[in-house]
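The values are calculated or read from the model by the stated rules, or taken from the named source; none is laboratory data. Source: prediction; values computed, not measured. Note that each Cβ is placed from the backbone with ideal geometry, even for glycine, and that neighbours are counted across all protein chains shown. Heavy atoms of the whole protein, side chains included, go into the accessibility calculation; ligands, DNA and RNA do not. Shrake-Rupley method; radii C 1.70, N 1.55, O 1.52, S 1.80 Å.
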Amino acid sequence: MIDKIARSVADALEGIEDGSTVLIGGFGEAGVPNVLVEGMVEQGARDLVLVNNNAGVGRHGIAALLETGRVRKMICSFPRSVGSVVFPELYAAGKIELEVVPQGTLSERIRAGGAGLGGFFTPTGVGTQVADGKEVRRIDGKDYLLELPIRGDVALVKGHVADRFGNLTYRKAARNFGPSVAMAGRRTIAEVSEIHENGGLDPERIVTPGIFVDAVVKVER
Amino acid sequence: MAKPLSRLQIAWRIAQDIPDGAYVNLGIGMPEMVANYLPDDREVMLHSENGILGLGPSPADGEEDWDLINAGKKPVTLVEGGSYFHHTDSFAMVRGGHLDLCVLGAYQVSAEGDLANWSTGDESRLPAIGGAMDLAMGARGIYVMMELCTRKGAPKILERCTYPLTGERCVNRIYSDYAVIDIAEDGPVVRETIDGIDLAGLQDKAEARLRLAEDWRTLTAPDL
């Protein structure tokens, strides 16, 4: 029998090792699995690489994990959000590495990781600092950059409704990075606000099929 | 003495040029104001990088849904016919040439249409790119909304950008406080200019050499 419902956040996060790359869904505050990310604070893995569009706001969620000092590197598109305080302090103090990636390239690199691709050629960043050190290929008269995939040892996403098979729906624009992030984790964990109790979700509504999801935890919205 | 357009007036002027049925991304900041002036007789689908087509107006106080925010992380609403989709699909729309237009702010634009709008090269500031580079290279038309000069009076239309580029040769048109300027094959061409300033006056506000279109017109906007 398939049952991916975890009893607790701690159970879902068990076994995450030092040095892991952790992909985190969400854009700004929408769709960030804050309960799981804060569970990482308790879980204790160190020397982490975090991947998210932003770099946390306030002192909760991603910012709380950053504040533990256990994150070695942040890969994101926009670390300078309103209300972002922890990351700028760590960066200014030289305590964290930063890789800034154009947003569409970040999303596609994660998707490529989940889709088993060795990379892709994108026009984004041609002729800019982003192109430094990257292969440029001319295809049909237009220049493209080679961008490499991002895979996660762990992927954390926030869904809306899940069933025991790990199938997920999302709510409104909180979907954002979730479906690509869910594909790209060696172990993918979802927090959701509702568990569908009677068998499987309506297959027409499923956005992330359960094959991509290893564990689901219900949290309070 | 020429009275330059206010930012609201520039936004109004851009809105008049957005055709019925267009799919448009309005960049964070100044360009967002364009949405307020879209003529009522046109149905325009606004795109947001975080997976929304059909952005509607801001919700009333107390009606905010924080799962429904725009690329600037502000709460929005969805119009009839709107849709949600995931980020990778959203940027497939961007890079795949599916957006008719994107309106972006700029620090600098070069004579060839290079755009610099993500960094001033100040290393004490955190670098942050967001979706600007994808939009610059992907949307079919790139309109820039900006003042001709910085607050300190330095021209922003240059022979070459001195700040790090967002995209090469991507800008089609600049809507500014004094003029509407196309980036043509042979450089910037003034299409419209406000009353009270001539080409020489405009040229004082741009480093790159400007040319006046033969069919140039007067740039007007209502008091806003």
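List, please: which pairs have Cβ atoms under 7 Å, are six or more places apart or on different chains, and start with a residue in the range B:164-175 that is more than 7 Å from every other protein chain (Cβ to nearest Cβ) and hydroxyl-bearing (Ser, Thr, Tyr) and end with one that is assigned to a loop (DSSP other than H, G, I, E, B) and surrounded by 24 or more Cβ atoms within 10 Å (Cβ to Cβ)?
none
Among the residues that make up the range B:128-147, is at least one of them more than 22 Å from A:VAL130 (Cβ to Cβ), in contact with a helix residue (DSSP H, G or I) (Cβ under 7 Å, 6 or more places away or on another chain) and either at pLDDT below 95 or part of a loop (DSSP other than H, G, I, E, B) (or both)?
Looking for residues that are more than 22 Å from A:VAL130 (Cβ to Cβ), in contact with a helix residue (DSSP H, G or I) (Cβ under 7 Å, 6 or more places away or on another chain) and either at pLDDT below 95 or part of a loop (DSSP other than H, G, I, E, B) (or both), one finds none in the range B:128-147, hence no.
Which of the residues belonging to the range B:1-22 are open to solvent by 10 Å² or more (accessible area, probe 1.4 Å) and over 14 Å from the mean Cα position of the chain (by Cα)?
Across the range B:1-22, the qualifying residues are B:MET1, B:ALA2, B:LYS3, B:PRO4, B:LEU5, B:SER6, B:PRO19, B:ASP20, B:GLY21.
How many residues, within the range A:102-121, are touching a helix residue (DSSP H, G or I) at 6+ places or on another chain (Cβ under 8 Å), within 10 Å of another protein chain (Cβ to nearest Cβ) and open to solvent by less than 20 Å² (accessible area, probe 1.4 Å)?
Selection size over the range A:102-121: 6.
Can you name every residue in the range A:139-178 that is of a type in the set (Asp, Glu), over 16 Å from A:VAL101 (Cα atoms) and more than 10 Å from chain B (Cβ to nearest Cβ)?
Of everything in the range A:139-178, those that are of a type in the set (Asp, Glu), over 16 Å from A:VAL101 (Cα atoms) and more than 10 Å from chain B (Cβ to nearest Cβ) turn out to be A:ASP140, A:ASP153, A:ASP163.
Got at least one residue in the range B:164-178 being modelled with pLDDT of 95 or more, among the polar types (S, T, N, Q) and touching a Phe, Trp or Tyr at 6+ places or on another chain (Cβ under 8 Å)?
The answer is yes, given that some residue of the range B:164-178 is modelled with pLDDT of 95 or more, among the polar types (S, T, N, Q) and touching a Phe, Trp or Tyr at 6+ places or on another chain (Cβ under 8 Å).
What number of residues in the range A:3-54 are open to solvent by less than 30 Å² (accessible area, probe 1.4 Å), under 19 Å from A:LEU168 (Cα atoms), in contact with an Asp or Glu (Cβ under 8 Å, 6 or more places away or on another chain) and assigned to a loop (DSSP other than H, G, I, E, B)?
2
Just to be sure I understand, how many residues within the range A:30-59 are closer than 22 Å to B:GLY130 by Cβ and either more than 14 Å from chain B (Cβ to nearest Cβ) or under 12 Å from the mean Cα position of the chain (by Cα) (or both)?
So the answer is 12.
Name every residue in the range A:122-132 that is within 25 Å of the chain's Cα centre (by Cα) and at the interface with chain B (Cβ under 7 Å from one of its Cβ atoms), in order of residue number.
Once the filter is applied, which keeps residues that are within 25 Å of the chain's Cα centre (by Cα) and at the interface with chain B (Cβ under 7 Å from one of its Cβ atoms), the range A:122-132 yields A:THR122, A:PRO123, A:THR124, A:GLY125, A:GLN129, A:VAL130.
What residue, among those in the range B:112-134 that are in contact with a Lys or Arg (Cβ under 7 Å, 6 or more places away or on another chain) and surrounded by fewer than 20 Cβ atoms within 10 Å (Cβ to Cβ), is farthest from the other protein chains (Cβ to nearest Cβ)?
B:GLU112
Quick check on this structure: which one of A:GLU99, A:GLU135 is open to solvent by 40 Å² or more (accessible area, probe 1.4 Å), within 13 Å of chain B (Cβ to nearest Cβ) and in contact with a strand residue (DSSP E or B) (Cβ under 7 Å, 6 or more places away or on another chain)?
Criteria check complete, one pass: A:GLU99.
Between a residue in the range B:111-137 that is of a type in the set (D, E, K, R) and any residue that is outside any loop (DSSP other than H, G, I, E, B), which pairs come within a Cβ distance under 6 Å, given they are 6 or more apart or on different chains?
B:ASP134/A:GLY104; B:ASP134/B:PHE91; B:ASP134/B:VAL94; B:ASP134/B:ARG95
Would you confirm whether any residue within the range A:190-205 is open to solvent by 70 Å² or more (accessible area, probe 1.4 Å) and modelled with pLDDT under 95?
The answer is yes; a qualifying residue exists.
Which strands (runs of 3 or more DSSP E) does the range A:92-160 wholly contain that include 3 or more residues that are free of Cβ contacts under 8 Å to residues at least 60 places away in the same chain?
A:97-100, A:120-122, A:136-139, A:142-147
Looking at the range B:166-223 only, could you name the residues that are part of a loop (DSSP other than H, G, I, E, B), over 16 Å from B:GLU147 (Cβ atoms) and open to solvent by less than 60 Å² (accessible area, probe 1.4 Å)?
Answer for the range B:166-223, where residues must be part of a loop (DSSP other than H, G, I, E, B), over 16 Å from B:GLU147 (Cβ atoms) and open to solvent by less than 60 Å² (accessible area, probe 1.4 Å): B:THR166, B:CYS170, B:PRO222.
Any idea how many residues of the range A:60-88 are within 11 Å of chain B (Cβ to nearest Cβ) and open to solvent by 10 Å² or more (accessible area, probe 1.4 Å)?
Residues that pass the stated criteria total 7.
Looking only at strands (runs of 3 or more DSSP E) that fall completely inside the range B:1-115, which ones have 2 or more residues that are among the aliphatic types (A, V, I, L, M) and closer than 22 Å to B:ILE174 by Cβ?
Qualifying strands (runs of 3 or more DSSP E): B:23-26, B:101-104.
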